[in-house]
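Report on the structure given below.
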Amino acid sequence: MSSNPAAIEEFQEAEIIAQPEAIAEQLSGEAETANATNSQEAPDTTEPEAITEQLSEEVETANTANSQETPDTTESEAITEQLSGEAETANAANSQETPDTTESEVIAEQLSEEVETANTANSQETPDTTESEVIAEQLSEEVETANTADSSETQEEPLQEEVTGETETSEEPLQEEVTGETETSEEPSQEEEVTEETETSEESSQESNTEPDFGQLDRVAYETQFQEAPNDLAIQMQEEFQLTQLIGSSGLQLYGTVPSTEDISRRLAELAEQTGKKPAFINISLQSNQLESFVVLPDATKTAVGENPLVASSNLDKINSDQSPALTVRKTVKNTSRRDLMATATQFRQEVGDVRKLGQTGYIESAQELYKVLIEPIEAELEANNIDILVFSMDTGLRLLPLAALHDGEQFLIEKYATALVPSFGLTDTRYVNLKQRPILAMGASEFEEQAALPTMPIELENIVSNPRQGEAFLNEQFTISNFVTQNSRETPFSVVHLGTHAQFKAGDLNNSYIQFYDNKLKIPQLQQLSNQLGWNTDATPIELLVLSACETALGDEEAELGFAGLAVQAGVKSALASLWYVSDLGTLALMGEFYDQLGNTLVKAEALRQTQLEMLQGNVKVDSRQVNLSNGENLPLPENFPDGTLTLSHPYFWSSFTLIGNWN
């Protein structure tokens with residue numbers, strides 16, 4: 001199933017899946033309450049003060065700039081002229097839709113109390129750092145400025161055909177101080193009972209009250225049927241359910257059939273042979289009282305000693321499945337509350353993504369709890385089959401996890417596996433293309449009228465298209481939607497599109513989410529229209545990779561989750577690399593510089609990202625003496641007014657935010 005007709009040929013004959021009604025209303029108040037309860041902590045630093053103060057002031061300036069953002073409702077004639085009649089018609093249709101912001105007060109209150117309790121329980125820790133105070137403070141104030149900007153934005157109705165600047169609602173916590181040090185591990189505090197057999201869920205009125213409203217879908221009935229289904233049927237039910245969610249959120253008309261487990265297993269084996277890296281597809285179902293993990297392994301799989309995984313069935317109701325069953329692994333973690341696990345996931349995301357806690361390891365406890373539930377039950381099969389890449393399709397509440405930073409007590413997950421996120425397997429164009437020497441379009445801005453400045457963006461763009469890589473860079477005034485369309489309309493298309501700019505996946509309607517160009521916001525629905533206009537979802541001009549290097553995503557909102565997890569599908573590209581939270585201008589420069597180098601050395605995008613994250617974790621990518629040092633010995637010079645000193649980037653705050661979405665090959 002894909003918006004790209006060519007990708008459908010990997011599976012069965014195409015059939016139209018009708019667009020369902022909206023499935024889920026937004027989860028309310030969770031992120032806001034959690035952010036409000038974050039403790040204020042003061043860093044203990046031992047490095048020179050010059051770097052810390054300048055970096056801190058940069059962050060504060062950026063966030064303050066955003067806080068003064070005012071609505072810009074002037075229609076952009078340039079954008080109107082570039083959009084085709086088809087795109088204008090689609091825009092006009094979108095303009096008739098108003099965001100549904102009504103939420104259940106009961107759900108909001110319970111979720112708020114839950115997250116507030118979890119965050120209040122967090123211990124107060126004193127950061128122990130070895131970083132430069134000047135770099136630390138400047139970085140902290142940069143992020144604080146960016147987040148303060150969001151807090152002052154308010155929603156407006158989506159425009160019809162043009163892109164305008166609008167004020168938005170806030171999601172992210174303020175972040176103030178920066179310290180840095182490598183983490184230490186802690187032992188998980190809670191044991192989970194793991195079983196390979198499905199169990200019928202026991203209804204709890206308390207759990208029911210905290211579930212989102214899925215509209216016409218009876219979640220309790222669905223879970224009961226799901227738990228009783230054999231493996232093959234259960235996986236296909238999840239594929240169809242996640243497809244329905246994305247269609248309801250995005251309004252996209254998607255085509256194709258739900259793949260069987262044999263389809264998936266066979267395709268994984270083909271990709272392993274092409275790339276030399278063995279992937280496993282992992283579908284996570286988070287139910288009211290238990291969590292189920294389904295692993296589809298490549299053909300010729302092996303069973304771990306002592307394990308007896310169920311064999312999938314080809315029995316399927318209302319879903320085409322004429323294939324024979326394939327071997328899958330199914331594990332159930334019982335007595336795992338959806339509400340409690342979502343609270344743990346939220347706490348983990350907040351701890352890792354909090355710039356004030358770079359010298360602390362408070363995230364380790366929740367990282368281990370999640371590892372124990374999500375990875376440990378299936379790890380024996382992963383090891384027995386020499387799996388290299390974990391391709392996750394997550395249930396609601398888990399799509400915004402920085403998976404690379406999950407921890408087993410000794411190692412981060414990224415030290416064992418590369419990871420990727422897909423909305424579903426059927427929606428992913430898995431065809432492999434080697435990106436070495438493929439042309440890159442690099443566009444971005446170092447300054448904005450209403451948002452945080454990105455002062456190192458000129459260095460980032462110049463480095464991306466430098467030898468031996470091929471491409472062109474466009475900065476500031478050249479970074480317009482009009483020029484974006486022009487460059488992507490060339491006879492010889494770009495394979496990689498890099499946008500060095502702010503992007504937001506907001507709560508609520510998709511029109512709240514946008515990519516910031518130099519003088520206008522491109523809303524996500526308008527990105528879909530441009531994608532269709534430019535033919536990105538065809539074989540003529542496919543985009544292999546879209547990179548958003550300064551992205552933020554709202555916590556606690558299903559629409560924001562789906563917007564992020566479905567980014568590649570909605571943009572009409574095969575894969576996307578984006579950040580869950582704004583990492584800082586300096587940290588992003590280091591990661592992107594290393595990533596493009598690694599992309600030239602490996603055949604697989606997910607492995608290139610993993611190697612980048614490992615180099616940062618191990619201290620081989622760092623800031624030193626007004627330079628960003630890459631692992632290959634190359635140094636990227638920083639502006640002369642940048643303070644002297646050293647900043648390591650080993651904390652997962654810097655590297656785990658970046659997530660590969662869609663095609664991982």
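The values are calculated or read from the model by the stated rules, or taken from the named source; none is laboratory data. Because the structure is predicted, anything quoted here is derived from the model rather than measured. Methodologically, a virtual Cβ is constructed for each residue, glycine included, from the backbone with ideal geometry; neighbour enumeration extends over all protein chains shown. Ligands, DNA and RNA are stripped out before the accessible areas are found, and what is left, the full protein with its side chains, is counted by its heavy atoms. Shrake-Rupley method; radii C 1.70, N 1.55, O 1.52, S 1.80 Å.
For segment 630-649, what are the residues that are outside any strand (DSSP E or B) and either open to solvent by less than 10 Å² (accessible area, probe 1.4 Å) or of a type outside the set (S, T, N, Q) (or both)?
So the first thing to find is which residues in segment 630-649 are outside any strand (DSSP E or B), and the list is 630-634, 638-645, 649.
Of everything in segment 630-649, those that are outside any strand (DSSP E or B) and either open to solvent by less than 10 Å² (accessible area, probe 1.4 Å) or of a type outside the set (S, T, N, Q) (or both) turn out to be Leu630, Gly633, Glu634, Leu638, Pro639, Glu640, Phe642, Pro643, Asp644, Gly645, Leu649.
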(message) Quick check on Leu589: is it hydrophobic (A, V, I, L, M, F, W, C) and either under 15 Å from the mean Cα position of the chain (by Cα) or assigned to a helix (DSSP H, G or I) (or both)?
(response) yes
(message) Would you confirm whether or not segment 486-504 contains a residue that is surrounded by fewer than 21 Cβ atoms within 10 Å (Cβ to Cβ), over 24 Å from the mean Cα position of the chain (by Cα) and within 24 Å of Thr456 (Cα to Cα)?
(response) yes
(request) Being touching a residue at least 60 places away in the same chain (Cβ under 8 Å) and open to solvent by less than 10 Å² (accessible area, probe 1.4 Å) is the filter here, so list the residues in segment 464-482 that pass it. (result) Ile464, Ile481
(request) For segment 413-426, name all the residues that are touching a helix residue (DSSP H, G or I) at 6+ places or on another chain (Cβ under 6 Å) and open to solvent by 10 Å² or more (accessible area, probe 1.4 Å). (result) Thr419, Pro423
(message) Suppose we filter segment 209-236 for residues that are part of a loop (DSSP other than H, G, I, E, B) and either modelled with pLDDT of 75 or more or among the polar types (S, T, N, Q) (or both); how many remain?
(response) 4
(message) I'd like to check something: does segment 521-542 contain any residue that is in a helix (DSSP H, G or I), among the charged types (D, E, K, R) and open to solvent by less than 10 Å² (accessible area, probe 1.4 Å)?
(response) no
(message) Looking for something at pLDDT below 90, of a type in the set (S, T, N, Q) and not in a helix (DSSP H, G or I) - is there at least one such residue anywhere in segment 556-574?
(response) no
(request) Spot the failing condition for Ile319; the list is (1) part of a loop (DSSP other than H, G, I, E, B); (2) at pLDDT below 95; (3) open to solvent by 20 Å² or more (accessible area, probe 1.4 Å), and only one is missed. (result) (3)
(request) Go through the residues of segment 449-459 one by one and say whether even a single one is surrounded by 20 or more Cβ atoms within 10 Å (Cβ to Cβ) and hydroxyl-bearing (Ser, Thr, Tyr). (result) yes
(message) With the requirement that a residue be within 20 Å of Glu383 (Cβ to Cβ) and open to solvent by 20 Å² or more (accessible area, probe 1.4 Å), what does segment 260-271 give you?
(response) Ala269
(request) Of the conditions (1) polar (S, T, N, Q); (2) farther than 16 Å from Ile515 by Cβ; (3) touching a Gly at 6+ places or on another chain (Cβ under 6 Å), Ser549 clears all except one; give me its number. (result) (2)
(message) Looking only at residues that are farther than 17 Å from Ile375 by Cβ and modelled with pLDDT under 95 in segment 277-294, which one is most open to solvent (accessible area, probe 1.4 Å)?
(response) Asn289
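Residue-by-condition table, conditions (1) open to solvent by less than 10 Å² (accessible area, probe 1.4 Å); (2) not acidic (Asp, Glu):
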{"residue": "Ser337", "(1), (2)": "no, yes"}
{"residue": "Asp340", "(1), (2)": "no, no"}
{"residue": "Thr344", "(1), (2)": "no, yes"}
{"residue": "Val352", "(1), (2)": "yes, yes"}
{"residue": "Arg356", "(1), (2)": "yes, yes"}
{"residue": "Tyr363", "(1), (2)": "yes, yes"}
{"residue": "Ala367", "(1), (2)": "yes, yes"}
{"residue": "Ile378", "(1), (2)": "yes, yes"}
{"residue": "Leu382", "(1), (2)": "yes, yes"}
(request) Please go through segment 393-406 and pick out each residue that is open to solvent by 10 Å² or more (accessible area, probe 1.4 Å) and not in a loop (DSSP other than H, G, I, E, B). (result) Leu403
(request) Considering each residue of segment 581-610, count those that are of a type in the set (Gly, Ala, Ser) and open to solvent by 10 Å² or more (accessible area, probe 1.4 Å), and give that number. (result) 1
(request) Among the residues of segment 496-522, write down those that are over 20 Å from Gln451 (Cα atoms) and modelled with pLDDT of 95 or more. (result) Val496, Val497
(message) Take the conditions modelled with pLDDT of 95 or more, farther than 24 Å from Gly556 by Cα and not in a loop (DSSP other than H, G, I, E, B) and apply them to Glu379. Does it pass?
(response) yes
(request) Scan segment 611-629 for residues that are touching a Leu at 6+ places or on another chain (Cβ under 9 Å), open to solvent by 10 Å² or more (accessible area, probe 1.4 Å) and either at pLDDT 95 or above or among the acidic types (Asp, Glu) (or both) and report the count. (result) 8
(message) Being small (Gly, Ala, Ser), open to solvent by less than 10 Å² (accessible area, probe 1.4 Å), out of contact with any Phe, Trp or Tyr (no Cβ under 9 Å at 6 or more places or on another chain) and within 22 Å of Arg431 (Cα to Cα): is that true of Ser575 here?
(response) no
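For the structure I just gave you, tell me whether Ala442 is modelled with pLDDT of 95 or more, assigned to a strand (DSSP E or B) and either among the basic types (Lys, Arg) or open to solvent by less than 20 Å² (accessible area, probe 1.4 Å) (or both).
Considered against the rule, which asks whether it is modelled with pLDDT of 95 or more, assigned to a strand (DSSP E or B) and either among the basic types (Lys, Arg) or open to solvent by less than 20 Å² (accessible area, probe 1.4 Å) (or both), Ala442 comes out as yes.
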(request) Considering (1) touching a helix residue (DSSP H, G or I) at 6+ places or on another chain (Cβ under 7 Å); (2) open to solvent by 20 Å² or more (accessible area, probe 1.4 Å); (3) in a loop (DSSP other than H, G, I, E, B), say which one Gln437 fails and leave the rest. (result) (1)
